[in-house]
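No value in this document is a laboratory result; all are computed from the given coordinates. Source: prediction; values computed, not measured. Every residue, glycine as well, gets a Cβ built from its backbone with ideal geometry; the counts of neighbours run over all protein chains shown.
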Amino acid sequence: MATPVPVMDDISIAALTADPYPSFRRMREAASAVWVSDARINLVTRFDDIMTVERDHGRFASTNPGSLMNKVMGHSLMRKDDEAHQVERKAIEPSFRPGVVKNHWTPVFDAIADRLIDAFVESGETDLFGSFAAPMASLCLNEMIGFRNVAWQDLAAWSQALMDGVSNYGTVPETATRAAAASDAIDAAIDAVLDRYRDRPDATILSSMLHAEHAHSIEQIRANIKVIIGGGLNEPRDSILTTVYGLLLNPDQRARVEADPKLYRPAFEEAVRWVSPIGMYPRRVTRDTVLGDTALKEGDQLGICVGAANRDQSRFSDPDAYDVFRDRGQHLGFGAGPHFCAGTWVARQMVGEIAVPKLFDRLPNMQLDDDKPARLSGWVFRGPVSLPVRWEV
Amino acid sequence: MVRITFIQPDGSRREIEAEPGDSVMQAALAHNVEGITAECNGSAACATCHAYFQEDRLGGLDAMAEHENDMLDFAACERRSGSRLSCQVKVTDALDGMTVTLPEMQ
């Protein structure tokens, strides 16, 4: 018998931001959906329920008239379903295919990683957030989009402003203003380069959008580039840091991975499961229905907490542990269903094959800095915000 | 209905009756056939519904798009001449009696 959504009014956004996992566990144990008063949304935290949601977009839609994301970025493919979504998704695919990533983007990413490490390799210490992960993700994204003359710091600031705007469930006015300014700056950066790809198609995302079978309109280009700037920067940045952090916290695993570089790839997948960079995203209930043990009403807003599902004990043994060698199984770090992360293969290559292995190769005996502990933050988006390390020079 | 036989890596066989119009991936999931993950539920983005179709009957299947062709090179198990992403193959009468072998892992 399905019961109404239980209310939890003792879970604050501040507590979720500091460490969401104890709260996620309570929610998983309580019901299929839980109303968290401070976040003003019904949170779905169990693995099997999220699979149900992602396989049934008739009942659980991505389209959302009141979407904060539509307000901040325009109506992107992330908030469309079915045919409308598929057409735009297909348009960008050529830039993201694993073969294109391997053959076209890998040398570009390789050079960026080496250049960044060159700048601090002699210093013996650094905070990998600012010196490596953030510029790595930003510079690679800059290349993939096809921007020219955009500083990585600007792209990173735009991405942060958009993400803050999208996760602004508390509706802070300055956050909305900053997001709007970032949106305008991105439109200008697109306008500055778009024409160069009309006659000269290449592997960039802007070029793919222009030359697709169903070419993007300018509104579609703007909205989808913003989604890609939001989703293409924080996530590789955070997963670089989380993978390094997981390996540095677990010297035995690190030794085995360093001895067999093929293991960097599962080390990356496990990092994305352990601390999923996108912890929560929304869906909308289209009609009165039941999810698991909980009755939902038409119009209910759901927060799909993949960060919680990836620690579901019914699915993963010892789920709070970082374990490169756990049984291979599906995680939800890239989502599931038709909105499965388009950048999955880019991230696998950029993070798991290039950024993380290069750091371990080039920074001998890299260790966490005992005097400056790493800090992690966030629940809608989560990752290290500071990762100070030392090594031998 | 269209009869499709799935063969597991251990050699065990199971025949299902698939609904025309579904993809082979959807038909397998609907009958709880083991060995297909289908993380992206049919978007050709994850390569976790890889399967080996009967090589002498590939001509009767939907043609392979460039994207699927690229993705198959990155499936967890080796690509062979019968390799397809089962989400991109529609169930039609041409598949009746087809055998589909599942890889060791997705």
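Which of A:D300, A:D195, A:D187 has the fewest other C-beta atoms within 10 Å, and how do the rest follow up to the most? It would help to have the intermediate numbers written out before the result.
On the way: A:D300 21, A:D195 10, A:D187 16.
Final ranking by Cβ density, sparse to dense: A:D195, A:D187, A:D300.
Over chain A, what is the relative contact order in percent, taking alpha-carbon pairs closer than 8 angstrom and at least six residues apart? List each step's numbers first, then the result.
Working: 654 pairs, mean separation 103.3, N = 393.
Taking the mean separation of contacting Cα pairs over the length of chain A, I get 26 percent.
Could you give the semi-axes, largest first, of the ellipsoid that matches region A:52-128, computed as the square roots of 5 times the alpha carbon gyration tensor eigenvalues and rounded to whole Å?
The answer is 38, 19, 12 Å, longest axis first.
At A:A111 and A:A180, where each label point lies 7 Å from the Cα along Cα→Cβ, what is the point-to-point distance in nanometres?
In this crude label model, A:A111 to A:A180 measures out at 4.0 nm.
Output the Kirkwood hydrodynamic radius of region A:3-390, Cα pairs only, in Å rounded to one decimal. The partial results should precede the final answer.
Details: mean 1/r = 0.0467 Å⁻¹.
The answer is 21.4 Å.
Which percent, to the nearest 5, of DSSP beta bridges fully inside region A:3-390 are antiparallel? Intermediate results must be reported in sequence, preceding the final value.
On the way: 21 of 28 bridges.
Roughly 75 percent of the beta bridges in region A:3-390 run antiparallel, per DSSP.
Roughly speaking, what is the stretch gain from A:E392 to A:F120, that is 0.36 nm per residue apart minus the C-alpha to C-alpha distance, in nm to one decimal? Don't skip to the answer; put the middle values down first.
Numbers: separation 272, 0.36 × 272 = 97.92 nm, distance 1.23 nm.
Value of the extension gain: 96.7 nm.
Would you mind ranking A:R237, A:R40, A:R28, A:R315 by Cβ crowding within 10 Å, fewest neighbours first?
Values: A:R237 28, A:R40 13, A:R28 23, A:R315 18.
Ascending Cβ contact count within 10 Å gives the list A:R40, A:R315, A:R28, A:R237.
Give, to the nearest whole percent, the P(r) tail of region A:314-353 beyond 13 angstrom, counting all Cα pairs.
Here the tail beyond 13 Å accounts for 65 percent of pairs.
FRET efficiency for B:N32 and A:K102, Cβ-Cβ distance as r, R0 = 30 Å, nearest 0.05? Walk me through the numbers on the way to the answer.
Numbers: r = 35 Å, r/R0 = 1.15.
The calculated FRET efficiency here is 0.30.
Note down the relative contact order for chain B as a percent, whole number, built from C-alpha pairs under 8 angstrom at least six residues apart. Could you put the intermediate results ahead of the total?
Values: 219 pairs, mean separation 43.8, N = 106.
Rounded, it is 41 percent for chain B.
So, in the protein assembly as shown, how many Lys pairs have Cα atoms under 27 Å apart, if the pair is 8 or more places apart or on different chains?
Pairs that pass both the separation and distance tests number 16.
State, to one decimal in nm, how far the label point of A:K372 lies from the label point of B:R80, with both points 7 Å from Cα in the Cβ direction.
About 5.4 nm, to one decimal.
Which of A:P357, A:P98, A:P261 moves most in a GNM of chain A, Cα contacts under 10 Å?
Maximum among the listed residues: A:P261.
For region A:173-310, what is the relative contact order in percent, using Cα pairs closer than 8 Å and at least 6 residues apart in sequence? Don't jump to the answer; show the numbers that get you there.
Details: 104 pairs, mean separation 20.6, N = 138.
The normalised contact order for region A:173-310 reaches 15 percent.
What are the semi-axes of the equivalent ellipsoid for region A:258-388, taken as the square roots of 5 times the Cα gyration tensor eigenvalues, largest first, in whole Å?
Numbers: eigenvalues 212, 53, 42 Å².
So the three semi-axes of region A:258-388 are 33, 16, 14 Å.
Quick one: net charge of A:S386's neighbours, Cβ under 15 Å, K/R +1, D/E -1? Walk me through the numbers on the way to the answer.
Working: positive: A:R237, A:K372, A:R375, A:R382, A:R390; negative: A:E125, A:D127, A:D238, A:D369, A:D370, A:D371.
In short, -1.
Based on DSSP loop calls and a cut-off of at most 14 other Cβ atoms within 10 Å, the longest stretch of chain A free of exposed GluC sites (Glu not before Pro) is what? Could you put the intermediate results ahead of the total?
On the way: sites that count: A:E122, A:E213, A:E298, A:E392.
That gives A:1-121 as the longest site-free run.
Treating the Cα atoms of region B:2-101 as identical point scatterers in vacuum, please give the log10 of the normalised Debye intensity I(q)/I(0) at q = 0.11, 0.25 Å⁻¹, two decimals.
Evaluating at q = 0.11, 0.25 Å⁻¹ gives log10 I(q)/I(0) of -0.26, -1.62.
Between region A:185-256 and region A:94-139, how far is it from one alpha carbon centroid to the other, in angstrom?
Going from one Cα centre to the other spans 14 Å.
Taking the alpha-carbon centroid of each part, what is the distance from region B:33-106 to region A:44-68 in angstrom?
Cα centres, region B:33-106 to region A:44-68: 27 Å.
Within the set of other residues whose C-beta is less than 9 Å from the C-beta of A:R311, count the net charge using Lys and Arg as +1 and Asp and Glu as -1.
Net of charged neighbours comes to +2.
Can you compute 3J(HN,Hα) from phi for each residue in region B:78-94, using the Karplus curve 6.51 cos²θ - 1.76 cosθ + 1.60 with θ = phi - 60°, rounded to whole Hz and x for Gly and Pro?
Each residue of region B:78-94 in turn: 4, 7, 10, 5, x, 5, 9, 7, 5, 6, 9, 10, 7, 6, 9, 4, 4 Hz.
For region A:4-71, which semi-axes, largest first and in whole Å, follow from the square roots of 5 times the eigenvalues of its Cα gyration tensor?
Values: eigenvalues 92, 54, 24 Å².
Values for region A:4-71, descending: 21, 16, 11 Å.
If we count every other residue with Cβ under 14 angstrom of A:N250's Cβ, Lys/Arg +1 and Asp/Glu -1, where does the sum land? Don't skip to the answer; put the middle values down first.
Numbers: positive: A:R254, A:R256, A:R326; negative: A:D252, A:E258, A:E270, A:D318, A:D320, A:D323.
Local net charge: -3.
Loop only per DSSP, at most 15 neighbouring Cβ atoms within 10 Å: give me the chymotrypsin sites (Phe, Trp or Tyr not before Pro) in region A:289-342, ordered by residue number.
On the way: sites: A:F316, A:Y322, A:F325, A:F334, A:F340; in loops: A:F316, A:Y322, A:F325, A:F334, A:F340.
Sparse-neighbourhood loop chymotrypsin sites (Phe, Trp or Tyr not before Pro): A:F325.
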